[in-house]
Every structure is written in C-alpha cells, then in structure tokens.
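The structure under discussion appears below in the form of structure tokens.
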Amino acid sequence: MKLLITGASGFIGSRLVCAACAALGAENVIAFSSKPVDVCPSIMYHGSYFNLCAQDNALIETAEVLIHVGAFIPKNGLQANAIQECNSNILFMEKLLALPLRKLKKIIYISTVDVYEPAELMTEETTTLPVSLYGWSKLYCERMASIFAVNQRIGCQILRIGHVYGPGEEKYEKFLPKAMMSIATGKPVELWGDGSDVRSFIYIDDVVDAILEAVNLSEDIGPINVVGGVPVTICALLDQLTAVTGRQVEIAAREFNGAKRNYIFDNSKLRQHLLPIETSLNTGLQIEYDYMLSLV
C-alpha cells in the first residue's frame, strides 16, 4: 500500500511520514510538501497551483491512499477567522483532488474538532456548527473529500483531531507549549482567567498511530474524533507540570473576559477502532518538557 501524505513538514505530518516509513518502508511513502523532505520519495510543490513536473505526476499516479494532513491551522485565536488563510484550505483541497490520483483507493482527511458547536460532552454525533471560519473551512473540505470518494467509488475516512501536544508544537501560541517554555527558561507562566477551563489532550504519537491504523480500517463507520479521553482543568495541568518539571511554577495572572469553552470528549469510538490505549498525560508531558529543555 503506497501512501501520499500532504503537510509532510508540519507538526503532525513530519512525524506521520517517519512513522509510515518505519512501518511500510520508505519506498511506499510519498511526501507532499512545500519544503524539502529527505526521508522518502517526495514532491515539493510551489504556489497554490503546485506547478508539478511530469516526474512528480508520475509519482502521484502510484499513490493508493491519500492522507491529507496539510492545512492552514491558526496559531492563535485571531487567526481562526483570517479569511484568506482559511479559504486556502478549500482551494488547496480543490487542487489536490484534481491531481492524477489514478490508483487511489482511499482518502483519509485530517479534520478538526472545531467543526462542532459548543457542547458539554462532544461525540461524533455532536452537531457540526463551527464558531470560526477555520472550522467552516475544514467542514467544507470534509464534504469535498466525501463527495470525491463517492464519485470515484473509493473509501473515505474523516478523522477530527483535538488538542494535540508533544515535541514540535512550540510553533503554536497555545497554553501548554508556552507554559513549558516559560518553566524551562525560569519565567512566570501566564494564566488567563481562573484556570477552570477544561481541555482533553492527546499525545502526538497517539495521533500518528491512529492515522496509520485508519489506513487499514475497512468499515464505513463515519468520522472519528482523535482526542484525549481524560479531561483536565488548566489549574490541574499546572499542578502536573510542577510534578513533571520538579520546579515551582510561578503564575502571572491575567484577566480574561472572553467566552469560556470546555473541551470534553467521549473517545470510545477512537478506542474501539483505532487506539485502544492512550499515552498517559504525565508520560507525554515529561517527554515534551525534556524536548523543550533541549531547545533552551
């Protein structure tokens, strides 16, 4: 089974490419990226129209499974409604599906839990009603993938990714990597609000394992949320960081007057079909903190 993986130089995509090469052999993986990738055969595209050569197209024709990871992902809350960037997800998907995917048997589309409306407990049955343009762009792309698969009579699996953590996430302006870097450099951790917000984190390698397991999933079971099943408040997370790092965490309290949204999931569908055992939060935090120390 030959995989074509987009977003091959990104946070999830780069680890997915390496894991796929280890599992299937580098000769069965094609990396599709705007940056060089040297661990397997790769295609580096240029611009929104890709501008691929005949050799690139010939390589694409051999792909049997397309794993579309690459996308614009907001690095902070303000970017979640950036019009041009969010629209680029849809335009990229359109160009991707127009490639000569002659041997394609399955699409695995990497979406987001941001397609859901706010709910106390989110499952795959929660109403899809995004609150951001980013969420809408991903939901539209889900539909594009599904319709393409029906028309081509191939398989399609939608995976909605939640809050992923682990080495490599420091490029995002999220609480966890920022807090870890602050602790590693001896600076106060900024805490916006009272810390009662609830999150459910899933470790990067668990996400990669779930995606690769989906390659061989033959059942048509609909979208699967790739999310952590153990909710934790931000305050409790800080306590765990104190235990993991062995350092006293200094808090710099910041007033927050925005709307609070908790992210709590039932991930039983994930555990049943793709990932029976999650990496514990303590284990994942220790690995990421050791990685953060290496950057200091």
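Build a GNM of the chain with springs between Cα atoms under 10 Å: which of ASP239, ASP114, ASP38 gets the top mean-square fluctuation?
Most flexible of the set in this elastic network: ASP38.
In the chain, what percent of the accessible surface is made up of carbon and sulfur (1.4 Å probe, ligands and nucleic acids excluded)?
Here it works out to 52 percent.
Calculate the spin-label point distance for ALA54 paired with ILE251, positioning each point 7 Å from the Cα along the beta-carbon direction, and give it in nanometres.
Those two pseudo-labels are separated by 6.6 nm.
Treating cross-link reach as a plain straight distance, find the aspartates and glutamates whose alpha-carbon is under 17 Å from the alpha-carbon of LYS269, omitting any fewer than eight places away in the same chain.
Answer for LYS269, where 17 Å is the Cα cut-off: GLU124, GLU125, ASP206, ASP209, GLU213, GLU219, ASP220, GLU278, listed by chain and number.
Where in the stretch 62-80 does the label zone of LEU24 land, with the point 7 angstrom along Cα→C-beta and an amide N cut-off under 19 Å?
Within reach of a label on LEU24, which here means backbone N under 19 Å from a point 7 Å along Cα→Cβ, the stretch 62-80 contributes 62-71.
Classify the stretch 55-133: rounded, prolate or oblate, from the alpha-carbon gyration tensor (a ≥ b ≥ c, eigenvalue square roots; a/c under 1.5 rounded; otherwise prolate if a/b is larger than b/c)?
Since a/c reaches 1.5 but b/c is at least a/b, the shape of the stretch 55-133 is classed as oblate.
Go through the stretch 54-64 residue by residue and turn each phi into a ³J(HN,Hα) via Karplus (6.51, -1.76, 1.60, θ = phi - 60°); whole Hz please, and just put x for glycine and proline.
Once θ is set to phi - 60°, the couplings for the stretch 54-64 become 4, 5, 4, 5, 5, 5, 4, 5, 8, 5, 10 Hz.
Distance cut-off 26 Å, Cα to Cα: go down the list LYS138/LYS174; LYS75/LYS138; LYS95/LYS178; LYS178/LYS260 and report the pairs above it.
Violating the 26 Å limit, Cα to Cα: LYS95/LYS178.
Could you pull out every one of the lysines with an alpha carbon less than 16 Å from that of LYS2, ignoring same-chain neighbours closer than 8 positions?
By straight Cα distance, LYS2 reaches LYS103, LYS105, LYS106.
Taking H as built 1.01 Å from N, whose amide H comes closer than 5 Å to the amide H of MET122, not counting residues under 5 places away?
The list, which skips near neighbours in sequence, is ILE264, PHE265, ASP266.
Restricting to bridges with both residues inside the chain, how much of the DSSP beta-bridge set is antiparallel, in percent to the nearest 5?
Antiparallel bridges make up about 5 percent of those DSSP assigns within the chain.
Using the Cα centre of the chain as origin and beta-carbon charges of +1 (Lys, Arg) and -1 (Asp, Glu), tell me which of ALA149, PRO223, ILE277 is placed farthest towards the positive end of the dipole.
ALA149
Tally the DSSP beta bridges in the stretch 111-235 and give the antiparallel ones as a percent, rounded to 5.
Bridges in the stretch 111-235 that DSSP calls antiparallel: roughly 20 percent.
Using θ = phi - 60° and the Karplus form 6.51 cos²θ - 1.76 cosθ + 1.60, what ³J(HN,Hα) does each residue of the stretch 214-229 get, whole Hz, x for Gly and Pro?
Couplings: 5, 4, 9, 6, 8, 6, 9, 10, x, x, 10, 7, 9, 9, x, x Hz.
For LYS106, what accessible surface area do you get with a 1.4 Å probe? Give it in Å², rounded to 10.
20 Å²
For SER111, which sequence-distant residues (separation of 5 or more, or a different chain) have an amide H within less than 5 Å of its own amide H, given hydrogens modelled in the peptide plane?
LEU159, ARG160, ILE161
Tell me, how many Å apart are the Cα centres for the stretch 1-68 and for the stretch 213-259?
So the separation of the two Cα centres works out to 29 Å.
Be a star and scan the stretch 1-37 for residues whose amide nitrogen sits under 13 Å from the point 7 Å along the Cα-to-Cβ vector of THR62.
Inside the label zone: 1-4, 25-31.
Please list the non-local residues whose amide H lies under 5 Å from the amide H of SER132, H modeled 1.01 Å from N, same-chain partners needing a gap of 5 or more.
Amide H to amide H, under 5 Å and 5 or more residues apart or across chains, SER132 pairs with nothing.
Using a Gaussian network model of the chain whose springs link C-alpha atoms within less than 10 Å, name the residue from TYR116, TYR134, TYR45 with the highest mean-square fluctuation.
Evaluated over the chain, the most mobile residue of the options is TYR45.
Can you give the calculated 222 nm mean residue ellipticity of the chain, where each DSSP H run of n ≥ 4 adds -39,500 (n - 2.57) and the sum is split over every residue, rounded to the nearest 500 deg cm²/dmol?
Calculated from helices alone, the mean residue ellipticity at 222 nm is -11500 deg cm²/dmol.
Dipole of the chain, Cα-centred, from +1 at each Lys and Arg C-beta and -1 at each Asp and Glu C-beta, to the nearest 20 debye?
That gives a dipole near 600 debye.
Step through the residues of the stretch 171-179 one at a time and calculate ³J(HN,Hα) from phi using the Karplus curve (6.51 cos²θ - 1.76 cosθ + 1.60, θ = phi - 60°), rounding each to whole Hz and writing x for Gly and Pro.
Per-residue couplings from phi come out as 6, 9, 8, 10, 4, 5, x, 5, 5 Hz.
The values are calculated or read from the model by the stated rules, or taken from the named source; none is laboratory data. Just so it is clear, the model here is predicted, and its values are computed rather than measured. No Cβ is skipped: glycine too gets one built from the backbone with ideal geometry, and neighbour counts run over all protein chains shown. Ligands, DNA and RNA are stripped out before the accessible areas are found, and what is left, the full protein with its side chains, is counted by its heavy atoms. Shrake-Rupley method; radii C 1.70, N 1.55, O 1.52, S 1.80 Å.
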